[in-house]
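The values are calculated or read from the model by the stated rules, or taken from the named source; none is laboratory data. Quick caveat, the model's predicted, so the values are computed rather than measured. Note that each Cβ is placed from the backbone with ideal geometry, even for glycine, and that neighbours are counted across all protein chains shown. All accessible areas refer to the heavy atoms of the entire protein, side chains included, with ligands and DNA or RNA removed. Shrake-Rupley method; radii C 1.70, N 1.55, O 1.52, S 1.80 Å.
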Amino acid sequence: MTLRTPRHRRLLPRLLAACALAWGLLAVPPAATADGAQAADAPAATYTNPVSAGVVDTFPDPSTIRGKDGLWYAYGTQNPVFQSRGEDGERILPILRSADLVHWTYAGQVFTPATQPAWENGSRLWAPDIRYFDGHYSLYYSVPGAGTVALATAPTPTGPWTDRGSVLPSPSGCPSGNIDQAQFTDTGGQAYLYWGSYDTICVAQLTPDRTRTQGAVTQVAKGRRVEGGFVVHRDAYYYLFYSDGGCCSGAFSGYQVKVGRATSPTGPFRDELGTDLTALTSKAGIVAGANGNRWIGPGHNAVQTDLSGQDWLVYHGIPAEAPDLAPAAGGTLNLTRRPLLIDRLDWIDGWPVLRAGAGPSDTAQAAPVTAPAAGGAFDGGTLAGWRTEGAGTGGWSAPVETDSGGYAAHADSGDAPAFAVGPGTAPANVRAEADLRVTAAGGRAGLALAYAGPGDRITAWLDRSRNALVTEAVVGGVSAGEQLTALPAGFTWNTWHAVTAELRGTALTVEVSHDRLHDPVAVQQRTVPAGAARSGAVALAARGPGAAGDNVSATALYTPVTARVADPAPGALLPGYSDEFDAAAVPGTTAGSPWSWVRGPAAGVAAGGGSLSWPTQNAELYLGDNSASVLQRPAPDGDFTVETKLVFAPGQTSQQAGLVLYENDDRWFKLVHSVLALNNGGGAVLQVSEFGKEGERPTTTPPTAVANAPMFGGPTADTMWLRLVHHLDAAHGEHEVRAVTSRDGVTWTYAGVWTLPVKGPLKIGLVSMNKSGATARFDYVRTYAG
């Protein structure tokens with residue numbers, strides 16, 4: 001790929017970029033208005049990916065958490081993160097710290113070579129997943145050299161880390177690579193571990209202490225190169241995010257983030273077309289894919305939420321201008337550069353999608369909201385800027401501890417509530433949150449929002465005596481009644497829990513979780529009186545002994561994006577570049593035919609009656625083996641879309657047929673219905689929409705003359721519609737090609753974009769190859785403008 005400076009360009013129309021910017025501005029954070037706001041510096045109004053630029057060179061497979069000190073922490077796969085500083089070695093599970101999710105600093109590594117557990121035998125460590133539970137931070141990570149997932153715990157987000165050993169038994173019970181794990185806690189408190197890579201993702205329950213899996217292992221996703229599972233619980237569904245297509249081949253990385261949802265944490269998960277994620281086909285549900293700008297292979301995500309309630313996809317991407325790192329570790333490691341990216345995650349019609357479908361960003365975007373409009377923290381062990389109201393106003397103090405730093409505590413308010421009211425005011429549509437705990441029997445700790453005084457407030461209580469989340473709306477001194485939601489048995493009252501409350505109109509939703517990672521242990525929804533839905537302050541509340549709180553915030557509730565950007569639609573039909581195959585003569589075999597053959601005509605090809613019939617060949621179009629026939633014809637200049645209707649029912653591994661945009665044997669794009677083996681599948685095969693490219697890869701050391709890589713589109717069927725959408729980026733000298741598939745010609749799945757530098761013209765082509773025994777029928781080839 002030609003090296004170039006970063007820029008913004010897109011296969012989508014320019015209008016879509018403008019729309020995306022307008023939607024992004026809805027989330028511009030308000031300026032900090034109160035003393036006691038937790039970030040010392042004003043938060044960023046905008047950011048530009050990668051957010052790890054200038055800090056580390058690469059940061060693959062990221063996961064994030066908001067620590068109990070109010071800062072955000074990110075954890076990445078072992079990599080040579082300081083190569084640009086002349087460091088040849090790797091940092092083992094590097095850690096970054098940020099006050100605003102945009103500006104990051106290096107905060108250390110989980111292990112050094114001297115402290116890495118001996119039982120891991122010096123294995124490289126991958127894909128950390130960070131959680132908070134029972135007063136400590138739990139880091140689950142992959143140990144590929146030992147074929148397992150391990151756990152380390154620490155009292156703070158940066159350590160010191162204690163080895164807790166392997167989480168998986170041997171064998172694990174999952175027919176997959178035992179890597180790429182993610183922990184999840186269900187409502188009610190049951191913990192699960194998801195793991196697996198190439199080609200199955202599994203789930204099992206964790207023991208109550210979350211150190212080992214137990215019980216049945218359930219397969220929840222299958223597919224070519226599926227890995228990187230991450231689960232969130234939203235409304236009535238559990239969403240399994242995952243990546244497929246390959247993470248780590250530089251500019252030839254076909255990674256995409258996909259998703260399925262279920263009504264149980266153990267599935268069955270289905271994509272938005274209804275395809276079970278364990279079905280032996282490729283899947284739809286594309287959350288994020290390459291869009292033709294500088295970011296290649298976006299994937300291996302986590303999800304983080306800002307103070308306004310807006311979700312953000314945390315993931316890595318590969319910069320087109322520098323996709324490969326220099327050889328590291330004395331030349332023994334050849335790795336892909338994968339810096340840290342964040343982008344707005346929208347939920348539209350019940351499905352998550354990155355920036356309303358616009359994909360990874362490479363220009364300035366509205367930043368996450370990380371400074372509260374009201375409230376703050378208690379850093380330095382002071383209540384400065386806070387006022388006390390209600391009972392026991394003298395009972396508040398601001399102790400200091402190692403993890404959270406300063407926090408607020410109340411000794412004992414008796415039977416009446418006490419309030420520590422933060423500075424600032426938040427609007428009526430508000431998201432409020434706090435970390436709460438109750439260290440004494442009979443006590444309550446609460447988060448009060450829309451606060452105008454002890455007699456005018458909405459309060460979400462953690463009530464230890466009733467082991468419940470209790471909400472109450474009080475207007476003019478009159479309570480509208482309590483609503484109780486049970487907390488899990490064994491709820492750890494002495495440790496911090498995150499309580500979030502969202503008020504939109506009169507609809508109140510409150511969640512209790514360990515760590516704000518979309519896996520609440522309790523959720524309550526209720527309607528509050530209209531008089532309670534007001535602008536106001538935010539406060540900590542205490543009733544009885546032992547209440548404590550920290551990281552108290554309230555800010556304008558985010559405005560959700562409700563419509564996707566439009567997918568590109570074909571323009572007018574171009575008859576001079578189309579063929580309905582009505583003639584009896586085989587294309588490319590008569591004088592004046594617009595078609596021509598490369599190594600053909602293929603044996604057994606027949607035409608007429610509105611179709612072209614072509615038996616699959618025992619021949620390849622792959623790297624150095626270029627023996628397959630290609631039926632080709634000129635393509636229009638500039639932008640165009642080519643489509644075919646393919647009837648094909650292959651049954652053996654490697655059989656494939658479909659469209660190509662062909663320059664020569666070593667430079668092409670293809671979209672085919674293909675059959676691939678399921679790794680560790682006991683002979684099972686996958687029917688996939690395979691979107692591949694082949695071309696030079698000059699950024700490796702040494703340069704690679706010809707490289708090949710797949711990306712995967714939507715689910716297959718015996719009758720499919722395939723489209724390749726071509727955009728000529730004349731300004732940067734690139735072909736940009738997007739794959740689109742359908743099983744009915746009406747509903748389309750839009751996959752990501754492959755690019756190649758322009759060297760010669762592309763031709764529209766068809767192939768039917770790799771293994772004999774199947775027959776492809778092409779009903780037409782239609783080319784459209786645009």
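Per-structure values
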| item | result |
| --- | --- |
| Selection from the range 493-510 of residues that are open to solvent by 50 Å² or more (accessible area, probe 1.4 Å) and either under 10 Å from R437 (Cβ atoms) or touching a His at 6+ places or on another chain (Cβ under 6 Å) (or both) | N494 |
| Residue within the range 517-533 that is at pLDDT 95 or above, hydroxyl-bearing (S, T, Y) and either surrounded by fewer than 22 Cβ atoms within 10 Å (Cβ to Cβ) or on the phi > 0 side of the Ramachandran plot (or both) present | yes |
| Hits in the range 108-121 - residues which are assigned to a loop (DSSP other than H, G, I, E, B) and either open to solvent by less than 70 Å² (accessible area, probe 1.4 Å) or touching a Cys at 6+ places or on another chain (Cβ under 9 Å) (or both) | T112, Q116, P117 |
| G223 out of contact with any Phe, Trp or Tyr (no Cβ under 8 Å at 6 or more places or on another chain) and not assigned by the TED database to the domain that holds V512 | no |
| Answer residue from the range 624-675, given it is among the acidic types (D, E) and within 31 Å of the chain's Cα centre (by Cα) and is surrounded by the most Cβ atoms within 10 Å (Cβ to Cβ) among those | E643 |
| Exclusive hit being more than 24 Å from V499 (Cβ to Cβ) and at pLDDT 95 or above, set Y141, Y132 | Y141 |
| Complete set of residues in the range 731-759 that are small (G, A, S) and at pLDDT 95 or above | G733, A739, S742, G745, A751, G752 |
| Test for G490: is it surrounded by fewer than 19 Cβ atoms within 10 Å (Cβ to Cβ), modelled with pLDDT under 95, farther than 27 Å from A398 by Cβ and not basic (K, R) | yes |
| Count of the range 353-371 residues which are in a loop (DSSP other than H, G, I, E, B) and open to solvent by 10 Å² or more (accessible area, probe 1.4 Å) | 3 |
| Residues located in the range 585-609, provided they are part of a loop (DSSP other than H, G, I, E, B), farther than 20 Å from P634 by Cβ and open to solvent by 40 Å² or more (accessible area, probe 1.4 Å) | A603, G604, G609 |
| Answer from W347, W312 - the residue that is open to solvent by less than 10 Å² (accessible area, probe 1.4 Å), of a type in the set (F, W, Y) and either assigned by the TED database to the domain that holds S197 or farther than 17 Å from S249 by Cβ (or both) | W312 |
| Unique residue being in the same structural domain as V81 (by the TED database), under 29 Å from N680 (Cβ atoms) and either among the β-branched types (V, I, T) or not in a loop (DSSP other than H, G, I, E, B) (or both) when the list is L151, L168 | L151 |
| Restricting the range 678-697 to residues that are hydrophobic (A, V, I, L, M, F, W, C) and open to solvent by less than 10 Å² (accessible area, probe 1.4 Å), the residue that is farthest from T749 (Cα to Cα) | L686 |
| Check on T755, among the polar types (S, T, N, Q) and buried (at least 21 other Cβ atoms within 10 Å of the Cβ) | yes |
| Check on A322, part of a loop (DSSP other than H, G, I, E, B), among the small types (G, A, S) and surrounded by fewer than 21 Cβ atoms within 10 Å (Cβ to Cβ) | yes |
| From the options R564, R543, residue that is in the same structural domain as L449 (by the TED database), touching a residue at least 12 places away in the same chain (Cβ under 8 Å), of a type in the set (K, R) and over 24 Å from H136 (Cβ atoms) | R543 |
| Residue list for the range 150-176, filter: open to solvent by less than 20 Å² (accessible area, probe 1.4 Å) and closer than 10 Å to P117 by Cβ | A150, A152, G165 |
| Which numbered condition T747 fails, given (1) over 18 Å from L659 (Cα atoms); (2) more than 27 Å from the chain's Cα centre (by Cα) | (2) |
| Test result for D550, modelled with pLDDT under 95 and more than 30 Å from S629 (Cα to Cα) | no |
| Qualifying residue in the range 245-255 (condition: open to solvent by 10 Å² or more (accessible area, probe 1.4 Å), in a strand (DSSP E or B) and not assigned by the TED database to the domain that holds E736) | no |
| Matching option when the condition is surrounded by 19 or more Cβ atoms within 10 Å (Cβ to Cβ) and over 30 Å from Y407 (Cα atoms), among P80, P128, P94, P144 | P80 |
| Which listed residue is open to solvent by 10 Å² or more (accessible area, probe 1.4 Å), within 17 Å of the chain's Cα centre (by Cα) and either assigned by the TED database to the domain that holds A501 or within 30 Å of R504 (Cβ to Cβ) (or both), from I342, I286, I296 | I286 |
| Test result for D582, free of Cβ contacts under 8 Å to residues at least 40 places away in the same chain, within 30 Å of T749 (Cβ to Cβ) and open to solvent by 20 Å² or more (accessible area, probe 1.4 Å) | yes |
| Selected residue (criterion: nearest to W461 (Cα to Cα)) from residues of the range 497-552 that are assigned to a loop (DSSP other than H, G, I, E, B) and among the acidic types (D, E) | D515 |
| Checking L277 against (1) farther than 30 Å from Q652 by Cβ; (2) open to solvent by less than 10 Å² (accessible area, probe 1.4 Å); (3) of a type in the set (A, V, I, L, M, F, W, C), the condition it does not meet | (1) |
| Number of the condition not met by T105 [criteria: (1) under 23 Å from D180 (Cα atoms); (2) open to solvent by 10 Å² or more (accessible area, probe 1.4 Å); (3) part of a strand (DSSP E or B)] | (1) |
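Residue-wise test of (1) β-branched (V, I, T); (2) under 30 Å from L345 (Cα atoms).
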{"residue": "A554", "(1), (2)": "no, yes"}
{"residue": "V561", "(1), (2)": "yes, yes"}
{"residue": "V605", "(1), (2)": "yes, no"}
{"residue": "G610", "(1), (2)": "no, no"}
{"residue": "A619", "(1), (2)": "no, no"}
